[in-house]
Structures are given as structure tokens and as C-alpha cells.
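Notes follow once the structure below has been shown.
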Amino acid sequence: MSIDDTTVQEQEELARKQVLDLIAQCPRCHQNEEEVQMIRKAFELANDAHRGMKRKSGELYIFHPVAVARVAAFEIGLGAKSVTAALLHDVVEDTDITLGDLESLFGSKVAAIVDGLTKLEGVFDQSASLQAENFRKLLVSMIEDVRVILVKLADRLHNMRTLSSMPEHKRYKIAAETLYIYAPIAHRLGLFNIKSELEDLSLKYEHPMEYEEIVKKLQDSAVSYQNVIDCVSAPIKERLNMQGYEYTLKARPKSIYSIWRKMQTKNVPFEEIYDIFAMRIIFKPHEGLSEKAQCWNIYSIITDLYQPKPDRLRDWVSMPKANGYEALHTTVMSPGGRWVEVQIRTERMNDIAERGFAAHWKYKEDGKESEIDNWLKSVRDMLETAESDSMEFLDSVKLNLFSQEMMIFTPKGEVKVMPVGATALDFAFEIHSKLGYHCIGAKVNYKLEPLSHELKSGDQVEIITSDRQTPKYEWMNFVTTVKAKTCIKEIFREERHEFIVKGEQVLTDELQKRKLSINARILKKLMRTYHVTTREELYYQIGKGTVKLDNIEKSLTQKSTSKWVKMWRLTFGGNQEDEFEEDDDIDSISVPKSKKIVLSDEAEKQYTIASCCNPIPGDDVVAFLDDDNSIVLHSRRCPECIKLMSSRGDRIVSAQWESHKVLSYLVVIELSGIDRQGLVSEVTKIISMEQKVNMRSVHFESHDGVFSGSIYLYIYDTVDLQTLIDKLMQVKGVYKVVRKERNDNN
Ligand code: MN
């Protein structure tokens, strides 16, 4: 026996020990001998099947399924069947073992969970991204059995924990996908700890420097914050003791990701975030009194001692969040002048908050409809009606299932929960389809607004209808809920269907004249020429006459070496012929992604700058190949880009910018401070004279002695920009200078 074999055996023994430890420690995994044997058998099978395979980190592959099983058991609180499925989750995808084998060895439930976790393979509609298709499959199996998604989250968590051994371009893709899809699912299922860890890890890989900086600042400020907490909590403790409460009082910082998000959305530095540390009071309620009344009693104790911030009271005790979260939050002013957030929870509420009520939720046992059942039902509705286009599918998943909720009131004071972003028309459909079809507008808080008006939480909305109003297909553009979309589509289904049939006929005739018939290749070319993403949409547009087949000849004969391929050759030189088949199926181009694209000034014409985030040289960017095969550069922080990475990660390449200070790029900076005479001219002088930067436009506004302004300027790279910002900060009266990165107002 060689040394290698010995170490392999030792490692396998270690993995086996971890499984035995799991069985011993997890109460839901050793309820009977049968379960214990099932888990052991699953380990032995997975161990045999994965033998010889290693992870990127160099350790034996088997450690991955074992780690996933341990997360499922200890961090999500799942039982024997899920743990078994977790151990087996990669065998069908990566080894010769089939689902049939698993079914005969472990029963249909375990096999079904593994099936749900096995990625799809094969050919798809060209427009559909494989990732989105896989995600759709995951959701479909989740409806059958929510354990599928719970084990998937365990899998994803372990992959994120070990992400450092992956190559860079894969890291971005996985991190973005985690942030876009998996963290919100964990949140929706109430798995707060897992959600926070997923978010923090995503941030760590997407923006390592910013992540480290926040970690360091948190460490630096820990002591001073602990002093504040000690000083605030002492009198609270005294009064809680007086009233005979059993409680624990802890203080902890916000998650790194949520601090980062706040810095981004509010455009403020770390130092200006006032509620970094939160205090949590977890108490055992006195018997005979309602939990709600006691939460408010403690609130009253605290606000007798400290002044609360009026706009920061959050009452999730009277009305729990849809994911089950219950607590009372308030932010109070401490004696030292710092705001401190206080969260009040009973022990029961805390248990739900930490582990999620997924673990409490018994799988179809008592036959009662729980919140999760309701949620799964909405997932099912959505899957039935969702768009065929993958991007839209992801969008509607995000919007309908994971978005934040808002409360909208009817004229009679009834509450409806709607996703953030819903419009007046969505609300009309939410109440009744008839109301939707005849809606002409709405009174929002007694003020007349158009149908497209976006609602805000707390709005009271009265829908105005007219018998003469008829539904319009264009309404699809400003409704967001599945319900409204389904209603609108329903009305137009027949009409659309007629156009689709007609369109297919027109195309068939047109092709017949050229002795051709409809096939996948031709459809692909046409869909690209006419910028539609589905075959159905192509037929519809032809049928309706919006797409005319005048230049069909040209689009059929088009040579299709993409710009992408040309760019690639240009950048890396040499003959990459072997890497690219002269097939126009862009998805089949295998780009050597481990390399980075270098974006030099000379290559400028080959890419465009995304208008949503306007990156400039020096920014962290990724290159995205869009549907027209052109390269679009996004900033890595851009929300749009995170969405693209999660759904079309196959089209992402990491890119590096090399500036030779030849080309300059448009940047917007925003300034504010105390106004004084001559300030504007001093600012503009620094920009144009000292720093020799071209300005496109300058806008300043002054109000009661405070000014704010924005300047559009052309700059070479981030280094020059930082120098300029530093210079401007030295101007007397200027308090803040920031670059505006995004065009939207998030
Ligand atoms: Mn896995």
C-alpha cells in the first residue's frame, strides 16, 4: 500500500467519524435504528461513488456532502431523510449512480429530493439561460417538497464557505447568484443566520477590500460601542429585574453586508451609520399575560429611560412578517449621544428569528395551512404563469416571492399585503379582476393618480373605474404582480393566439418560396435579427405585422462570426480557431474564461459602458456579452450586473482595465456644504485649471445657506477622480464630495 492510499484511507475515516458524530448529536437523526442505518448506508454509498474525486481545495470530495449534511442537521434542524439526501446530493450528477438506484436503496422520498437537487443537462431554447432553467427546476421540486430547497441552501452555504479555492471568474458568478437568489430564499424561509452568512460571504468575494475595511472598522469600534451598550443597558436591567423578568440581554453588530448596503444606498461612510450595534432583549414571558402586552411593557420601560427615534419604531408583534419574524424594534438616544437600536423578543420569537420557522414547520403533518404553505402556493401560481423568457422569469420570482412587502389599505381600512414596486393597477387586480379591467386611475391618499402610479407602504387606495375602459396589452409594462399579469394575459390569450398562428403561417410561406422550412437554426437567426427572445413572440410579431419579413434574405445569409470572437482574437492574439466553432450558436462558444480580458484604450470600440453604473478605468468591472453579442462593461457593484451574473453567468468574463490616459469617461460628482461667496468659482477653478479636467455641465443650488451641486465631468480613471475629490474636500465650506455611481435613485 502506498503512502497516498494510507492518507486517503485516513481521510475517509475522518469523514466517516464526522457522520457518526452527526448521527449522535442530531436528535432528529437517531430516532430509530432504521434511520441510523439509512444515514450510514448513504455515507458509504457516496464515499464509494465519489472515491478518487477531489475538490478544488485538494481535500477528498466526500467531505463536501458530509459538510452539507451537517449544515442541514445542525444549522437548519432537518431530520434523517434530508440528511440522507444531503449525503447523496451530488452522486447522480457526478457519478454513475442513477436515481433508480437511489430509489431502490433509500426509497422514493430521498430519491425525489436528490432529483430536485440534480442540475439539468441538455439543450434548451437558446434564449433561456441554463442557470435560470435549473433554478426553475429547483422551484418546481421545492413545491413538491420544501426540503429540496433547504438542502440546496445547505449545499450553497458550504460552497460559499469554501469559495476561496475556486477560480476568480467562477467566484463572481457564484457569489452574485447567491446574493440574487439564495440569500433572499433563506430570508423568505426565515433562516436569518444562513441568510446573513450567505450575504457576508458574497460580499467578501465580490468586494474583498471593502469587506476587510468594514471588518477592521467594526473591530476598532467594538470597545467604544460596548461601553455605550453597558451604560445604556444597566438601568434597563435594573428595571427588568424589579419586574421579575427572566431575560438575556445581548449586543451585536449588524451584519457586514447590511452595513455595506447602507453605505451604498445612503452614500455615507461607515462612521455615519448610526445603528451599527443593536441590543437584543430576549425574555421569558410571565404566565397569564399576552406576549404582545409584555413586549410593549418592556418598550415602555425603555422609553421611560431614553428618548425613542419616532420614525424607527417597528412593530412586528402586532403583525408578524410573512416569513414569521416577530419582534418589537425601537431606536433610542443614549446618554453619550449615540442612537442604539433595541430589539425586544420573547424566547419563542427569538427561536423563530434565529433558525427560521422552516425547522418548526412539520412537513404536511397536521394538515394545517402554515405561512410556508401559503408561500409555496404562491410559488406554484407563479411557476404556472411565469414568463418563458429566463430574465423575466427571474425578475418575477424576485419581485413576487422575495421582495419586501408593503401594506396597502382599502377605502374601508382593510389591509392588503403587496410587494414593493406594485402599482395602483396591481392593487386593482389584487382586489378583483373586474376592478383591474375597468380601472382608469386611483385616488391614493385622496389624491388622483394614474394607473401606473407606484404605491408606498401605508397608502390608502381607492380604485376608480369606468364601464367604458377596456384592458390594454400595454398594461403589462406597469404591472408587477403575477396576479395582474395573469389576468391581462388571459384576456389577450385568444387574440394573441390568433396572431401567433397567423405569424407561423406567414413565415412558413415566406420560407417555402426559398425552398426552406422552419427549423431551429433559422428561428435563431430571425430571433436575433428582430430582437425577440422567444419563438412565440417572433410569430406573434410577424402575425401582427410589427415584424415585416422584408429583409429575411439578409438575415438568413448573415455571416455570424460574432464581435465577441473578433474581440477575443484581438485581445489575445493568435489563432483561437479551435476554441470557436463557426457555428452561430453563441452559447457553444467556449471562452477560456480563466483569462481576463484586458481593456486597453485601443480596444475602446469593442465595448460599451453600461449606462446603469457608468464604470471608469480603475473600477472593478466585469464584461458581459449581451444578446447582440456586444460587450458591455458593468461595475461589479451594479445591481443590474448582479442580476445578469446570476441569470446569465455563462456570459460573464472578468475584465481588467488598463488606462493609458487617452480616453476620458463621463462621471458625475455630487457636492454639498455651507454656501459662501465665491465657492462655486473656486470649485470650478480647481476642476478645470488645476486638475485640467473637462466639465460637461455644472449645477449648483443654494437654500438657506446650504448648497448642493452636481458636476458632470470627463475623467481618465479612478486615481485622477480620487485626487480631484481630495482637492475639492479641502475647499472651505465643502463638507461632502461623492461620486454618483448609479443612475437610479437606489
Ligand atoms: Mn454540492
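In this structure the amide hydrogen of GLY673, modeled in the peptide plane, comes within under 5 Å of the amide hydrogens of PHE707, TYR735, none closer than 5 places in sequence on its chain.
What is the distance in Å between the Cα centroid of the stretch 712-740 and that of the stretch 455-533? With the stretch 712-740 and the stretch 455-533 each reduced to a Cα centre, they are spaced 47 Å. Within the stretch 476-557, the proportion of Cα pairs with more than 14 Å between them is 65 percent. Here the Karplus curve 6.51 cos²θ - 1.76 cosθ + 1.60, taken at θ = phi - 60°, turns the phi angles of the stretch 247-262 into couplings of 7, 10, 10, 10, 10, 8, x, 4, 5, 4, 4, 6, 5, 4, 4, 5 Hz, with x standing for Gly and Pro.
Here, P(r) means the percent of Cα pairs in each 5 Å bin from 0 to the largest distance; for the stretch 272-356 it is 3, 14, 25, 25, 17, 11, 4, 1, 0. Normalised by 2.2 N^0.38 Å, where N counts its residues, the alpha-carbon radius of gyration of the stretch 1-118 equals 1.02.
With a Förster radius of 45 Å applied to the C-beta separation of GLU536 and GLU103, the computed FRET efficiency comes to 0.80. Sorted largest first by accessible area at a 1.4 angstrom probe radius, with every protein chain in place, the residues CYS487, CYS29 fall in the order CYS487, CYS29. Based on the alpha-carbon gyration tensor of the stretch 62-119 and its eigenvalue square roots a ≥ b ≥ c, which shape applies: rounded if a/c is under 1.5, prolate if not and a/b is larger than b/c, or oblate? Oblate, since a/c reaches 1.5 and b/c is not below a/b. For the stretch 156-286, the spread of Cα positions along the three principal axes, ordered from largest to smallest, is 58, 32, 26 Å.
For a straight C-alpha distance cut-off of 18 angstrom, the lysines reachable from LYS661 (same-chain residues fewer than eight places away being disregarded) are LYS605, LYS692. In this structure the amide hydrogen of LYS54, modeled in the peptide plane, comes within under 5 Å of the amide hydrogens of TYR61, none closer than 5 places in sequence on its chain.
Remind me, relative contact order of the stretch 236-303 in percent, using alpha carbon pairs under 8 angstrom and six or more residues apart?
Working: 50 pairs, mean separation 28.8, N = 68.
Over the stretch 236-303, the number comes to 42 percent.
Couplings 3J(HN,Hα) of the stretch 505-514, computed from phi: 5, 4, 5, 4, 4, 4, 6, 4, 4, 9 Hz, in residue order, whole Hz [Karplus 6.51 cos²θ - 1.76 cosθ + 1.60, θ = phi - 60°; x for Gly and Pro]. Two numbers describe the Cα atoms of the stretch 666-746: Rg and Dmax, which are 12.0, 36 Å. With N counted as the residues of the stretch 213-362, its alpha-carbon radius of gyration over 2.2 N^0.38 Å works out to 1.08. Computed on protein heavy atoms with a 1.4 Å probe, the accessible areas place LYS502, LYS554 in the order LYS554, LYS502, largest first.
Please work out the ratio of the alpha-carbon Rg of the stretch 131-204 to 2.2 N^0.38 Å and round it to two decimals.
Here the answer is 1.06, to two decimals.
For the stretch 445-498, the fraction of C-alpha pairs farther apart than 19 angstrom is 39 percent. Residues whose amide H comes within less than 5 Å of that of VAL693, counting only those at least five positions distant or on another chain, are SER688 (H built at 1.01 Å from N in the peptide plane). Taking the radius of gyration and the Kirkwood hydrodynamic radius from Cα positions alone, what is the Rg/Rh ratio for the stretch 309-348, to two decimal places? Ratio value, two decimals: 1.06.
Rolling a 1.4 Å probe over the protein chains gives ASP200 an accessible area of about 30 Å².
The 3J(HN,Hα) values that the Karplus relation (6.51, -1.76, 1.60; θ = phi - 60°) gives for the stretch 453-460 are, in residue order, 4, 7, 8, 10, 4, x, 5, 9 Hz. Gly and Pro appear as x.
Full extension of the chain segment joining SER452 with SER224 gains 77.2 nm, where the gain is 0.36 nm per residue of separation less the Cα-Cα distance. Averaged per residue, the stretch 427-558 has 60 square angstrom of accessible surface, using a 1.4 angstrom probe with ligands and nucleic acids left out. Solvent-accessible surface (1.4 Å probe) assigned to ASP311 amounts to roughly 100 Å².
The values are calculated or read from the model by the stated rules, or taken from the named source; none is laboratory data. Everything numeric in this text was worked out from a predicted model, so none of it was measured. For neighbour counting, all protein chains shown are included, and Cβ atoms are generated from backbone atoms with ideal geometry for every residue, glycine included. Please note that ligands, DNA and RNA were not included when accessible areas were found on the heavy atoms of the full protein model with its side chains. Shrake-Rupley method; radii C 1.70, N 1.55, O 1.52, S 1.80 Å.
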